[in-house]
Amino acid sequence: MAAWVAGMERLARRGVDSTAMPAGRFDDVHECSRPDFDIDRVKGRLAGRGPSALLVEASMSQAIFRTRIVRVLTMTLPCALALGALASTVTVHPGGRSHWTSWSWSNVPAFNKIVSRGVADFADVVDAVRPTVFAVESQIAGGAHDDDDHNFDFNAPPSSRSLPSGRPGEARPSTRRRLRSQGSGFFISADGYAVTNSHVVENAESTRIVTDDQKTYAAKVVGSDSVSDLAVLKVDGRNDFPFVRFADELPRVGSWILAIGNPFGLSGTVTAGIVSARPRNLGPGSHQELIQIDAPVNQGDSGGPSFDLDGKVIGVNTMILSPTGGSIGIAFAIPAQTVKAVVPQLMDKGAVARAWLGVQLLPVMVNISDSPMMKGVQGALVALAEASSPAAQAGIVPGDVITSVNGDPIKQISDLGRKLADSAPGTSLSLDVVHDGERKTVQVTLGQMPKRGTSVAIASGR
């Protein structure tokens, strides 16, 4: 603007009549607001018109500046107003959380749910549930604990099940004798019943716990189940222990979870992550369905709970997958549904009664299913039927393929394992079997699994 005024003054001193502007002046000035404005073309038209053309060019500069300002405001002002309106609808509460009040993105319900729950702040949940979690210390009978039974590293969540070769279920051999086991656990009742991992208290001569307020209590192992890797403890001395609630439903993949435990003796440690996958079956034919999480779980976290954002237990941390023994973001938890099924039996009888079929199985390979007698057959191939087992008594022999149980198809070995896991000893099942290329149905009454046995075994084929 100052340059424009100075130009007018120079014209006045030279005696140029500022009102005697060349024809087309206003066309030149206002042309600058057009989208296809070309300043070089306009300057060419002004060439040779003398000093009076300075006024036109000055006016053009002013118009160009004004037009650009209008365009910038046109783009930015609506965005600013929208952000201001959005911010005005958020209410901040003393706890640091915020939620939407008068305005919502009705067409984006998932966004509303995430914001309304305040997922970035876990402090309130942690304050409520951390007192229910404690550290577990066990002294081992005879001063030794061998890891040969279940591939657990005694001083850790089963990081000896960390896999140098990258294959689930393959363990490093145990070469060290340990005097003490450290893990985690949590109360499930006010009178002192608690849950931890079986491998944390296996062969324990004595067990004690250290609560979140650093008080120490003696604990008794009421029952232990190595198949599910769950154990129940009883702590005496109080009737007002804070205790957890279990989730009624499995968490969705992508849901936030909080893991609390005693890693490396650091009691009350909280880590956060999400559910990475479910169900996750480790090892060929495994029928135990685990929840995979990416919250850091380390040595000493075994037996600790994973919570959802409602403060309910969704699983019991049991193992990690790692080439080093430390967390790499792949951990596994026993689902709350499994815990709720196993724990009452451990509290009542100290053990779990499982159904027993008594077979060793192989998957149906492509070359088998393509054979003339087995064309298109899916199921579990019987490699061995144990003598006097329920399977043998029902007439099942090696080479048979079990294709369904009570009409439900069996596509792989784990399907049959889950069916048996859901059945009690003494249950009668109807099995569809392919025998020598012919289909038949047999009735089998399940027995009770012998100690240290399994409902079905997986033959290696080697």
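The values are calculated or read from the model by the stated rules, or taken from the named source; none is laboratory data. The shown structure was predicted, so the numbers you read here are calculated from the model rather than taken from an experiment. Counting neighbours? That spans all protein chains shown, and the Cβs are built from the backbone with ideal geometry, glycine included.
Numerical summary
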read-out: Lone unmet requirement of (1) loosely packed, with under 12 Cβ neighbours inside 10 Å; (2) over 14 Å from Gly379 (Cβ atoms); (3) not small (Gly, Ala, Ser) for Thr441; value: (2)
read-out: Test result for Arg252, within 23 Å of Asp212 (Cα to Cα) and surrounded by fewer than 19 Cβ atoms within 10 Å (Cβ to Cβ); value: no
read-out: Count - residues of the stretch 395-430 that are of a type in the set (Gly, Ala, Ser), closer than 16 Å to Ala355 by Cα and crowded, with 17+ Cβ neighbours inside 10 Å; value: 4
read-out: Scan of the stretch 196-210 for residues that are under 18 Å from Phe186 (Cβ atoms) and polar (S, T, N, Q), ordered by number; value: Thr196, Asn197, Ser198, Thr207
read-out: Those residues of the stretch 207-226 which are in contact with a helix residue (DSSP H, G or I) (Cβ under 9 Å, 6 or more places away or on another chain) and surrounded by fewer than 18 Cβ atoms within 10 Å (Cβ to Cβ), in sequence order; value: Asp212, Asp213, Val222, Ser226
read-out: So Gly185, is it crowded, with 22+ Cβ neighbours inside 10 Å and within 30 Å of Ala123 (Cβ to Cβ); value: yes
read-out: All positions within the stretch 328-355 that are free of Cβ contacts under 8 Å to residues at least 60 places away in the same chain and in a loop (DSSP other than H, G, I, E, B); value: Ile328, Gly329, Ile330
read-out: Condition met for Ala295 (aliphatic (A, V, I, L, M), out of contact with any Asp or Glu (no Cβ under 7 Å at 6 or more places or on another chain) and surrounded by fewer than 17 Cβ atoms within 10 Å (Cβ to Cβ)); value: no
read-out: Of all residues in the stretch 229-246 being assigned to a loop (DSSP other than H, G, I, E, B) and touching a Phe, Trp or Tyr at 6+ places or on another chain (Cβ under 7 Å), the one that is farthest from Val126 (Cα to Cα); value: Gly237
read-out: Wholly within the stretch 134-216, strands (runs of 3 or more DSSP E) carrying at least 1 residues that are of a type in the set (Val, Ile, Thr) and at pLDDT 80 or above; value: 193-196, 204-210
